[in-house]
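S.K.: Please see the structure below; I have some questions.
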Amino acid sequence: RQPDQSVGPDAAPAPLSGYVGGEPLRQPPELRSTDGLLEVQLEAAPGPAVIGGRTVTVLAYNKGLPGPTLRLQPGDRVRVGLRNGLAEATNLHVHGLHVSPTDNGDNPFVMVEPGATFDYDYRLPPDHPPGLFWYHPHHHGLVADQIFGGLYGAIVIDDSEPLPVARERVLVISDFTPGGAAGVASVGQAERMRGREGRLVLVNGQLKPDIGIRPGECERWRIVNSCVSRYLRLSLAGQGLQLLGLDSGRFETPRDVEEVLLAPGNRADLLVTAAATGTTTTTHSTLRALPYDRGSAGMGGMMGGSSPSTATLDLASVTVSGEPVPAASAFPRQPAPRDLRGAAVTARRELAFAMGMGMGGGGMRFTINGESFDGDRTDTTVQTGSVEEWLLSNSSPMDHPLHLHVWPMQLIEQNGRAVEAVQWQDVVNVPAGGTARVRIAFDDFPGRTVYHCHILDHEDLGMMGVIEAR
Ligand code: C2O
Ligand code: CU
């Protein structure tokens, strides 16, 4: 008997043949602010890109995959002229930046029609935390398609004092399926409900690039997970790894780690110290994504088995060669991050993530507190100046990573286990059948914006709510 293809499991996609990696890792072009101002023109448009030696059609900002890296200082004014060269509406979200959501700020309700332009204009607070952020489209219903097609880029906010590393690299990790004539491969309904994963995983738009480093050398890697749905459980066996922080939040002291788990939208600020072998022999190691089971949409087997990211993937190779370098100088201690655990909580609320059958065979509903997204409704109203504690709960059989715009979240607890060190994130994973607890300081920026699942197919299917700060 043939399985019902409309609801049956999608086979885990086989790796694509005919794509060849191995070229040196590139860095996207960098645009820096001068005298407190960054003015850039970004055009989102379809076009050709060479991936793994083959020419494919992608969607890109300024014809680059990823788009240019924007490098800013706290206090800067940012003016972005967005031109829409796509066939559909779009807009631009600066993920993780603490900037105003109103008017020409980071407003997710702005809609830029094909052929039109929009001028964003906002200012970073002078005490904005340094770190790695990113930008991507946010037009509800098309977010997953447009990011999957290639629309993303990194934003770096510089530290007041640069860290003593040999070099800094930005690694924007994305996944992509070639073959869409208009830049976006078509995706079935079951795959959308599970959250699509591309057949190629790219680093800065490249397939398995090579990163050269000398023995003993210390580099800073700023890594963005811009995959639409794929979790990245990153490992780099054989080299020293220290995690400086996640998202915009630097830890007070770096943590020695073996691996780092990034949900879609998360970033890692990582120190990589190449093993000093004492000889000049060339050695190789591999940046890998290890298996991570983010659950399946179960529902009586309706959507089939586990997610495709349950295989190990090689993302990049690291070649250690040349003269060993002496150990790096000591790192300046970071200022102690803000800790809300001692703060007076003004309000507590719960955000419940759920999936269920819609009425009349309309497929699966993706909800927060029982509702699918409606941009005309306000789901959560908060007072500026307040500190809130949110319990995030997930009754579904898949993980959902919650992203809150504008205000970062301090992770207090995950699945009932207290988080020891101070940890600030703007995407917090809510495990399948589990919970997470966060605290948020709504210091400033009155206005309306959103929170949503950063598996962007789920966001497009309605797992998003509107928050208004008054
Ligand atoms: Cu990275 Cu609302 O998104
Ligand atoms: Cu989700």
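S.K.: Once amide H atoms are built 1.01 Å from N in the peptide plane, which residues 5 or more positions from F251, or in another chain, come under 5 Å H to H?
M.R.: Excluding prolines and chain starts, which carry no amide H, the hits are G245, L246.
S.K.: Within a Cβ distance under 11 Å of L16, other residues only, what is the Lys/Arg minus Asp/Glu net charge?
M.R.: Computed value for this residue: +2.
S.K.: Can you sort H452, H136 so the residue with the fewest Cβ neighbours within 10 Å comes first?
M.R.: With the sparsest Cβ surroundings first, the list reads H136, H452.
S.K.: Then there is this: Could you tell me whether region 1-154 comes out rounded, prolate or oblate from its Cα gyration tensor? Rule is a ≥ b ≥ c as square roots of the eigenvalues, rounded for a/c under 1.5, then prolate if a/b exceeds b/c, otherwise oblate.
M.R.: Here region 1-154 falls in the prolate category.
S.K.: Most exposed first by the Cβ proxy, i.e. fewest other Cβ within 10 Å, how do E161, E350, E88, E197 rank?
M.R.: In order of increasing Cβ crowding within 10 Å: E161, E350, E88, E197.
S.K.: Dipole size in debye (nearest 20) for region 30-157 around its Cα centre, Lys and Arg Cβ +1, Asp and Glu Cβ -1?
M.R.: Approximately 380 debye in magnitude.
S.K.: Of the peptides 139-151, 311-323, 220-232, how do they stack up when ordered by the mean number of other Cβ atoms within 10 Å, highest first?
M.R.: Result, highest mean Cβ count within 10 Å first: 220-232, 139-151, 311-323.
S.K.: Looking at the P(r) of region 103-180, how many percent of alpha-carbon pairs lie beyond 17 Å?
M.R.: Counting every Cα pair in region 103-180, those more than 17 Å apart make up 62 percent.
S.K.: Moving on. Give me the distance in nm between label points sitting 7 Å out from Cα along the Cα-to-Cβ direction at D103 and R333, one decimal.
M.R.: 4.2 nm
S.K.: Within the P(r) computed for region 356-470, what percentage of the Cα pairs occupies the region above 21 Å?
M.R.: Result: 38 percent of Cα pairs exceed 21 Å.
S.K.: By how many nm would the segment from V20 to T281 grow when fully extended, if each residue of separation counts as 0.36 nm and the alpha-carbon distance is taken off?
M.R.: Between V20 and T281, full extension yields 91.4 nm more.
S.K.: List the relative contact order of region 167-320 as a percent without decimals, with contacts defined as Cα pairs under 8 Å and 6+ residues apart.
M.R.: For region 167-320, the relative contact order is 27 percent.
S.K.: Okay, moving on. At most 10 other Cβ atoms within 10 Å and a DSSP loop assignment: could you name the trypsin sites (Lys or Arg not before Pro) in region 342-432 that fit?
M.R.: R377
S.K.: Where does the chain land on Rg/Rh, using Cα atoms and the Kirkwood Rh?
M.R.: 0.94
S.K.: Per residue of the chain, what 222 nm ellipticity follows from adding -39500 (n - 2.57) for every DSSP H run with n ≥ 4, rounded to the nearest 500?
M.R.: Helix contribution divided over all residues of the chain: -1000 deg cm²/dmol.
S.K.: Right, here's the next one. Express the C-alpha Rg of region 405-465 as a ratio against the empirical globular expectation 2.2 N^0.38 Å, rounded to two decimals.
M.R.: Rounded to two decimals, the normalised Rg is 1.22.
S.K.: At what distance in angstrom do the alpha carbon centres of region 400-470 and region 178-200 lie from each other?
M.R.: So the separation of the two Cα centres works out to 26 Å.
Every number here is computed from the coordinates shown, using simple stated rules; none is lab data. Since this is a predicted model, take the numbers as computed values, not measurements. As a convention, Cβ positions derive from the backbone with ideal geometry for all residues, glycine included, and neighbour counts pool all protein chains shown.
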